[in-house]
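Structure record follows, encoded as structure tokens.
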């Protein structure tokens, strides 16, 4: 028994020293911020690699540094997760960027959800089944070495869908949620190639989103995407990692395009809490934002040097739980398209660079324009309406409070954040879309007029 | 004469010895050897067939892969235990620091926030199934006795019992989930909603065998016994206590044993869907993870589920034999 005791006592000592050093930092912080009003928190997530900031903030002790005792729990699907946050069984969660916006607007379940922290940029891809890939491949231009030229546009998929139509068969694809980034990205990619992804008509009670559709999109939870495609229920899907890379490993499909190529550095997940929570527990809200910012910085630090360690955390069964190699493929800066065709995509997952964590109004407005484009918002709205709703959901004020205290505590230098004195919350017009359409967040209605496929001013289904 | 008796006796003694040793050997074969052979054949067939099944998550796990996962699950439990210890240490230090700064601070020790290990999940499952079963027993046994005593009540209730008895837990679960979230609202809940949902689903499914067996047991008591009670003019409670209960105990316990079996089977499905952190959730999570170890881990869980189910049944059997006056059952 003595050896056991000695191990325990050394462990205790080690833990004590670590704890002491940690508590010193937390004492320094707490002077400026005040104690958290609620210390025990429960956060939900979906098994996707971009939940990493939450897992890292827990494992690296950033939550505890803020005096927060956080339990992290995987959720079955996005709807369960959102309901959990609304009914209070979860204090906060890893959310699709569209979820807080749609909930606040009242599309689906109505609840005032806000976000003080944008979790990451990019990180999704569109995968098609082996069979569809075989039919698509002849339509794709090739490079000298025989590999397809990227980015692959949906133009090459159009003949395949036309063939399905001639045969009277539906062409089905999966996405993860009606207001998910994946839905809008998949729609954007399809529409840019002349394939109509279908309209929603909520005022008529139609929430299938398949009116006038060439390709029928439906909802499947992320972890079940590969098995649903393997079963032949869908021909392709748009989802986050590791579920595209898993299709390659399982030899059941081929990722054709990443969302980085559809819209370079697009906002992906956010951290969502209720407005009520933020009002009731202001210190807790700022503190959890601090922990998440630190985690995001750790993930991108020194040119992704910590990514292998992060992948190791994520591959634990209570987080994402997929194999190390599968997660590492996309997290460490490469992406495998067709089996063996591994290409460098250093910005496939961005957590902190390019001010990824700042909640930009213009990001929220982009999602709103797409909701209008596909009929989820059934009537015209003024530019001001877009801006007001974005300001109601995206809360840079909380982010700035957290960031400023981190700067004051000398944990992160000021030059790693946007210049808060001049930041308006609107990114300058963005050019890098797969169809070269320019997006200016201050002019949502003018942006909508630029699309060939999609609802425009005055259109109503 | 002597020599003859010895001659006659000694072979019979030898025979007896032979018989005894034969009996021991045959008992040994029955109890030990044959099951061993059975298990060996099973392992062999499992090993062979596993190698020829290729899933998209790799080869179907054979016995070796599963044993490996048992070790790794145990290792995870040990590592998590150490992390929990460090967590409590840090918390104490932090609380002490807070107290030093603010003497009015009410220090509180929070339970470990890390993940549940396989062993924790087994315990959660056992607690949930026992709670669900006890709830069912509290309802079913008194109701069953009442129905057994009262023929009219029995005819009135019988159709309901027959209709609800074959309902699968999966059909109950969405209803239970919604009712629990609607009615169980509290700021500081004692138990989680997922626990309640699983527990109630287990109760709803394990109610029926107990109810039916109890009512049959009570209604089929020997009429002599009932007549004795009538002659003595026993009050109802004494009648139940002295006559009905002792007479129907074997049937009640048969019902309870059946119910416990049902409860354990239902629990796994309920936990999968309600996300109660027990064995069912373990299986579901591993299925969702889709790592190369997932199938072996699920197989390990299958073996543990089976083994625990077997042990629970044995325990119930022992209790049944202890309390029953009729040892032939």
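Which of rounded, prolate or oblate describes chain B when judged by the alpha-carbon gyration tensor and an a/c cut-off of 1.5?
oblate
If you take each beta carbon of peptide B:88-98 and count the beta carbons of other chains within 10 angstrom, what is the mean?
Neighbouring Cβ atoms belonging to other protein chains average 6 per residue here.
Checking a compactness column here: for the protein assembly as shown, what do you get for Rg(Cα) / (2.2 N^0.38 Å), N being the number of residues?
For the protein assembly as shown, the normalised Cα radius of gyration is 1.16.
I'd like the mean, over residues of B:225-233, of how many other protein chain beta carbons sit within 10 Å of each residue's own Cβ.
Mean shielding count: 0.
Give me the extension gain from residue B:29 to residue B:85: residue separation times 0.36 nm, minus the current Cα-Cα distance, reported in nm with one decimal.
15.3 nm
Let's test the formula: R0 of 51 Å, r as the Cβ-Cβ distance of residue B:20 and residue B:150. What FRET efficiency results, to the nearest 0.05?
0.35
Work out how much length residue A:130 to residue A:309 would gain on full extension: take 0.36 nm times their residue separation and subtract the Cα-Cα distance, in nm to one decimal.
Using 0.36 nm per residue and subtracting the Cα-Cα distance, I get 61.2 nm.
Inverting the mean 1/r over all pairs of different Cα atoms, compute the Kirkwood radius of segment A:144-297 and quote it in Å.
17.8
Place a point 7 Å from the Cα of residue B:59 along the Cα-to-Cβ direction; which residues of segment A:245-285 have their backbone N under 12 Å from it?
none
So, R0 is 60 Å and r is the distance between the beta-carbons of residue A:279 and residue B:318; what FRET efficiency does that work out to, to 0.05?
Calculated value: 0.55.
Run through every distinct alpha carbon pair of segment A:219-326 and return the Kirkwood hydrodynamic radius in angstroms, one decimal place.
16.7
If we sort B:37-45, A:41-49 on the protection proxy, mean other Cβ atoms within 10 Å, highest first, what's the order?
A:41-49, B:37-45
Residue A:438 label point, 7 Å along Cα→Cβ, cut-off 13 Å on backbone N: hits in segment A:357-400?
none
Using a 10 Å cut-off on Cβ to Cβ distances, tally the other chain neighbours for every residue of A:314-320 and report the average as a whole number.
Rounded to a whole number, the mean comes out at 5.
Running a GNM on chain B with Cα contacts under 10 Å, which residue among B:313, B:224, B:75 ends up with the highest mean-square fluctuation?
Of the options given, B:224 has the highest mean-square fluctuation.
With the cut-off at 1.5 for a/c, could you classify segment B:145-234 from its C-alpha gyration tensor as rounded, prolate or oblate?
Because a/c hits 1.5 or more and a/b exceeds b/c, segment B:145-234 counts as prolate.
Need the full-extension length gain, residue B:139 to residue B:158, defined as separation in residues times 0.36 nm minus the C-alpha distance. One decimal, nm.
5.3 nm
In segment A:265-300, whose amide N lies under 17 Å from the spot 7 Å out along Cα-to-Cβ of residue A:397? List them in ranges.
Only A:273-287, A:289 pass the distance filter.
Quantify how much of the Cα-Cα distance distribution of chain A extends past 33 Å, in percent.
Looking at chain A, the distances longer than 33 Å represent 35 percent of pairs.
Pull out a ≥ b ≥ c, the square roots of the eigenvalues of the alpha-carbon gyration tensor of segment B:175-329, then state rounded if a/c is under 1.5, prolate if not and a/b is larger than b/c, and oblate in the remaining case.
oblate
Once R0 is set to 41 Å, what does the formula 1/(1 + (r/R0)^6) return for the Cβ-Cβ distance between residue B:245 and residue B:302, expressed as a FRET efficiency to the nearest 0.05?
0.60
For segment B:254-311 and segment A:392-461, what is the separation of their Cα centres, given in Å?
Between the Cα centre of segment B:254-311 and that of segment A:392-461, the gap is 47 Å.
Read the figures in this text as sums done on the coordinates, not as results from a lab. All figures in this text were calculated on a predicted structure; none of them were measured in a lab. Cβ: placed from backbone, ideal geometry, glycine included. Neighbour counts: every protein chain shown.
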